[in-house]
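Report on the structure given below.
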Amino acid sequence: MDINWLGDFACLARTLNFTRAAEERNVTQSAFSRRIKSLENWLGVPLIQRSSYPVQLSEAGQQFLPVALEALSNLSDIRQTLRAQERGVTAFQRFAVLHTLSVNYLTRRIEEFEDLIPNLRVRVYSDNLRTCCQLLSEGTCDFLLYYRHRDIQPVFEEKQFARKDIGTEQMIPVAQATAARLHGWDLDQPGRTEIPYLGYDPSSFLGAVVEQTIGARTPPLALRYMDALTEAIKRRMLSGSGVAWLPEGAVAEEMTAGLVVAVGGDTWRTPLTLSLFCSLDRLDKVGRQVWNAL
């Protein structure tokens with residue numbers, strides 16, 4: 001039995017879509033389907049009800065899923081532990097984190113408590129939200145750090161893990177200061193002219209947050225650029241290309257320096273909660289120190 005089959009099954013159980021799961025596992029759909037079939041042949045029972053849309057887990061699949069997830073997590077844990085013991089060093093504390101949080105939050109916090117935790121070693125998996133959640137669910141990482149929003153449904157089974165809310169920040173519409181003044185970009189001004197808009201991919205978490213924030217209002221935003229990465233959108237915004245909604249932590253320094261300004265009042269802002277997840281029973285001594293420090 002190939003361990004990759006367990007990862008494939010866990011991914012399919014989460015997405016309930018062969019095409020999407022194959023893309024996430026970076027294999028062709030035909031190869032992915034063969035691997036799922038191989039796992040079913042090895043077990044001797046069907047795990048997937050393929051006649052429904054979206055596909056569903058069979059009764060056997062529902063029973064096998066927690067076993068597969070635990071096996072993946074245990075294998076990942078013991079691999080890390082044995083490799084660390086072989087080298088005589090402390091195991092890495094593994095974080096799955098959104099790109100923007102890695103750049104604008106996690107690196108700074110790690111620096112703050114490195115002196116408090118001797119021999120701390122950190123490995124960061126910086127990726128999109130769906131992949132980060134998968135890394136935690138499969139046991140590839142110890143911690144998951146991401147934004148939550150009151151109006152957006154969680155994208156994974158949060159109740160399976162311990163959660164700690166460690167901060168809040170605002171999602172705010174901003175623009176490069178000179179460009180905003182020159183063109184009069186202001187979401188609160190009546191009779192406004194068209195405003196170039198730098199938006200998130202609508203399928204992304206922050207894209208959904210912005211859509212909820214705008215709601216039924218119809219600001220004169222003309223979409224000029226779209227990306228899933230906050231840092232890419234920020235770069236375009238800093239060049240004066242348009243207005244973008246960004247987490248305040250991503251632009252705090254630029255706003256303090258007067259390089260970036262808000263282009264709308266409080267009604268155009270929305271709070272984000274920064275949440276940390278882990279399986280407490282799988283943390284080693286250093287991991288628990290990290291959990292308590294964050």
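The values are calculated or read from the model by the stated rules, or taken from the named source; none is laboratory data. What you see is a predicted model, and the numbers here were worked out from it, not measured in a lab. Cβ: placed from backbone, ideal geometry, glycine included. Neighbour counts: every protein chain shown. Please note that ligands, DNA and RNA were not included when accessible areas were found on the heavy atoms of the full protein model with its side chains. Shrake-Rupley method; radii C 1.70, N 1.55, O 1.52, S 1.80 Å.
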Options Asp227, Asp281; residue that is in contact (Cβ under 8 Å) with a residue 24 or more places away in the chain and not basic (Lys, Arg): Asp227
Subset of region 209-247 [surrounded by 16 or more Cβ atoms within 10 Å (Cβ to Cβ), of a type in the set (D, E, K, R) and at pLDDT 95 or above]: Lys234, Arg236
Qualifying residue in region 107-126 (condition: assigned to a loop (DSSP other than H, G, I, E, B), touching a Phe, Trp or Tyr at 6+ places or on another chain (Cβ under 8 Å) and open to solvent by 40 Å² or more (accessible area, probe 1.4 Å)): yes
Residue check, Leu120 closer than 30 Å to Ala71 by Cα and touching a Leu at 6+ places or on another chain (Cβ under 6 Å): no
Qualifying residues in region 25-66 (those that are among the β-branched types (Val, Ile, Thr) and modelled with pLDDT of 90 or more) - the one farthest from the chain's Cα centre (by Cα): Val45
Within region 156-187, tally of residues that are modelled with pLDDT under 90, part of a loop (DSSP other than H, G, I, E, B) and surrounded by fewer than 16 Cβ atoms within 10 Å (Cβ to Cβ): 1
Any hit, region 83-90, residues being farther than 21 Å from Phe277 by Cβ, part of a loop (DSSP other than H, G, I, E, B), in contact (Cβ under 8 Å) with a residue 24 or more places away in the chain and open to solvent by 70 Å² or more (accessible area, probe 1.4 Å): no
Those residues of region 36-79 which are of a type outside the set (A, V, I, L, M), part of a helix (DSSP H, G or I) and open to solvent by less than 60 Å² (accessible area, probe 1.4 Å), in sequence order: Ser38, Glu40, Gly61, Phe64, Ser73, Ser76, Asp77
